[in-house]
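The structure appears below as structure tokens.
The values are calculated or read from the model by the stated rules, or taken from the named source; none is laboratory data. Remember, it's a predicted structure, so these values are computed and weren't measured experimentally. Note that each Cβ is placed from the backbone with ideal geometry, even for glycine, and that neighbours are counted across all protein chains shown. Ligands, DNA and RNA are excluded from the accessible area calculation, which covers all protein heavy atoms including side chains. Shrake-Rupley method; radii C 1.70, N 1.55, O 1.52, S 1.80 Å.
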Amino acid sequence: MAYGSDLSFLKEKLATAEAVTVLTGAGISADSGVPTFRGTDGLWRTYRAEDLATPEAFERDPRLVWEWYNWRRELIATKQPNAAHAALCELERRRQLFWLITQNVDGLHRAAGSRQLSEIHGNIWMVRCTRCGVVEDNHDVPIAIPPFCHHCNALLRPHIVWFGEPLCTGDLEQCSTVLQRCDVLLVIGTSGTVYPAAGFASIATNAGAFVAEINLDPTPQSALVDMSLQGRAKDILPLLLEPR
Ligand code: BV8
Ligand code: ZN
């Protein structure tokens, strides 16, 4: 599938950029078989976000929320990073000033080898104690439902940012730094509906960056960005790395 002059223009921009920042959403993992949130097979379609990804829901019914996360953990455990995740690792290797901001909690960027990375909505493979706050890796599949802290015996929760919860300040500061400094921002596989991430493209634009969106469909941000490449992330990203 040819993307015409846009692709070569973006390759040129990337090749000459000193600092590159990338923002990804569920669409980059769709090619690994991880359902997105709002697509036709969307996760939220089967479940209402309000019922599950909120502190109130966990307060009301921790077992139900853990059933949902356990179902997602079991699904994601069978998935591998795809060519889009690998392409971003290569982009990271190629330059000093690179940073990846992901909204995804599936851990696939980390599994692919990305290290200059902020998982701003948390990570489904980490749990946090509701009392002593200890955060630990947990890859049990299935996980005990509900799991309890082996330090203080209190209930464990997913180490994930739910709706209505603030993002971690360290992550927000890092996002602000890398959005203000970048020459190019790539916005990949996100519907641009969840804040504060949905506001990141305009921060970069206002700081003078060239912003390119890569998405299967047009999104509310398409009108605001400098370039919109329509297609699958796993097809487009490797093309951006090819020699000019
Ligand atoms: C906060 C963890 C404040 C859960 C998630 C009204 C107006 C504005 C804001 C609000 C409002 N009401 C409430 C808010 C705030 C709220 C919000 O933005 N709500 C939205 C829905 C309106 N935000 C929050 O609550 C945030 N916190 O604001 O705190 C605060 C401050 C101080 C003190 C207290 C509070 C917290 C937000 C984090 C929520 N947690 N995830 C979990 O995952 O279990 S968000 C959830 O949505 C996921 O993380 C997901 O990543 C994220 C965004 O979705 P996308 O990644 O974009 O995925 P989606 O399916 O939508 O789109 C996929 C895209 O990929 C599509 O465009 C599709 O075309 C494309 N695609 C598909 N296949 C491909 C592809 N593209 C390329 N290639 C392909 N192959
Ligand atoms: Zn504890």
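Anything in region 211-230 that is in contact (Cβ under 8 Å) with a residue 24 or more places away in the chain and closer than 25 Å to Glu119 by Cβ? List them, or say none.
Val211, Ala212, Glu213, Ile214, Asn215, Leu216, Thr219, Pro220, Gln221, Val225, Leu229
Which condition from (1) outside any helix (DSSP H, G or I); (2) open to solvent by less than 40 Å² (accessible area, probe 1.4 Å); (3) over 27 Å from Tyr195 (Cβ atoms) is the one that Thr78 breaks?
Looking at each condition in turn, Thr78 falls short on (2).
Restricting the search to region 194-244, which residues are part of a loop (DSSP other than H, G, I, E, B), among the small types (Gly, Ala, Ser) and open to solvent by less than 50 Å² (accessible area, probe 1.4 Å)?
Of everything in region 194-244, those that are part of a loop (DSSP other than H, G, I, E, B), among the small types (Gly, Ala, Ser) and open to solvent by less than 50 Å² (accessible area, probe 1.4 Å) turn out to be Ala207, Ala209, Ser222, Gly231.
Check Arg94, Arg73 and return the single one that is over 30 Å from Leu185 (Cβ atoms), more than 16 Å from ligand 2 (Cβ to nearest atom) and either buried (at least 16 other Cβ atoms within 10 Å of the Cβ) or not polar (S, T, N, Q) (or both).
Arg73
Considering only region 102-148, state which residues are touching an Asp or Glu at 6+ places or on another chain (Cβ under 9 Å) and either within 13 Å of ligand 2 (Cβ to nearest atom) or polar (S, T, N, Q) (or both).
Selection gives Thr102, Gln103, Asn104, Ser114, Gln116, Ser118, Asn123, Val127, Arg128, Cys129, Pro147.
Any chance region 37-45 includes a residue that's more than 11 Å from ligand 1 (Cβ to nearest atom) and open to solvent by 40 Å² or more (accessible area, probe 1.4 Å)?
So far as region 37-45 goes, no, none of its residues is more than 11 Å from ligand 1 (Cβ to nearest atom) and open to solvent by 40 Å² or more (accessible area, probe 1.4 Å).
Go through region 111-137 and give me each residue that's more than 20 Å from Pro55 (Cα to Cα) and of a type in the set (S, T, N, Q).
Going through region 111-137, the residues more than 20 Å from Pro55 (Cα to Cα) turn out to be 111-118, 137.
Ser114, Gln116, Ser118 - these are the residues of region 111-137 that are more than 20 Å from Pro55 (Cα to Cα) and of a type in the set (S, T, N, Q).
Leu179: of a type outside the set (Val, Ile, Thr), farther than 30 Å from Thr16 by Cβ and either open to solvent by less than 40 Å² (accessible area, probe 1.4 Å) or away from ligand 1 (no atom under 15 Å from the Cβ) (or both), yes or no?
When the stated conditions are applied, Leu179 does not pass them.
Got at least one residue in region 64-86 being within 13 Å of the chain's Cα centre (by Cα) and farther than 14 Å from Pro35 by Cα?
yes
Take the residues of region 182-193 that are of a type outside the set (Val, Ile, Thr) and not in a strand (DSSP E or B): which is most open to solvent (accessible area, probe 1.4 Å)?
Out of the qualifying residues, it is Asp183.
Starting from region 169-194, keep only residues that are closer than 15 Å to Asp226 by Cβ, then list their pairs with residues that are of a type in the set (Asp, Glu) whose Cβ atoms are within a distance under 6 Å, requiring at least 6 positions of separation or different chains.
Note: pairs meeting the criteria are Asp183/Glu18; Val187/Glu213.
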